[in-house]
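Contents: one structure, followed by commentary.
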Amino acid sequence: QVQLVESGGGLVQAGGSLRLSCAASRIIFSIHIMGWYRQCPGKQREVVADITNGGETNYADSVRGRFTVSRDNTKNTVYLQMNSLKSEDTAIYYCRAYGLISRQQYWGQGTQVTVSS
């Protein structure tokens, strides 16, 4: 069974930084688009950033210039470096894998990020 395990969440003051990691297992990591999503209480889950197997990246307007997504295919891990954090970044952050061939998607269990103002 595919597993995505996020880590790195926590409590940080506004203006601070956090680095999230998502380790994948039981998938061929290199043929999956990896993405980070977040969900605030009472709101729909939204995309934050994603990265293709070739390293192309996309960002939500709200995080562009502050967040950086990257991946290490040798470690089956995707990262989200979050800088200049704001209170509105507070959410549960989820990792998603989308198979380029299988067209299946997988989700991690989420990690809480709380930014205090």
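Quick one: if the Förster radius is 25 Å, what FRET efficiency do SER116 and SER7 give, using the C-beta to C-beta distance and rounding to 0.05?
Calculated value: 0.75.
If you count only protein heavy atoms with a 1.4 Å probe, what accessible area per residue comes out for the stretch 11-117, rounded to a whole Å²? Walk me through the intermediate numbers first.
Working: 5670 Å² over 107 residues.
Roughly 53 Å² per residue, with all protein chains present.
Between LYS86 and ILE28, what is the FRET efficiency for a Förster distance of 30 Å, r being their Cβ-Cβ separation, to the nearest 0.05?
On the way: r = 36 Å, r/R0 = 1.20.
Here the calculated transfer efficiency is 0.25.
Given the whole protein assembly as supplied and a 1.4 Å probe, what does the accessible area of ASP61 come to in Å², nearest 10?
About 130 Å², rounded to the nearest 10.
Taking θ as phi - 60°, what are the ³J(HN,Hα) couplings along the stretch 20-26 by the Karplus curve (6.51, -1.76, 1.60), each to the nearest whole Hz, with x for Gly and Pro?
Result, ordered by residue: 8, 10, 9, 9, 9, 9, 6 Hz.
Looking only at LEU11, LEU20, LEU85, which one moves most when the chain is put into a Gaussian network model with springs between Cα atoms under 10 Å?
Of LEU11, LEU20, LEU85, the most mobile in the Gaussian network model is LEU11.
The values are calculated or read from the model by the stated rules, or taken from the named source; none is laboratory data. Quick caveat: nothing in here was measured; it's all calculated off a predicted structure. So basically every Cβ, Gly included, is an ideal-geometry build from the backbone, and we count neighbours across all protein chains shown. These accessible areas exclude ligands, DNA and RNA; they are computed on the full protein's heavy atoms, side chains included. Shrake-Rupley method; radii C 1.70, N 1.55, O 1.52, S 1.80 Å.
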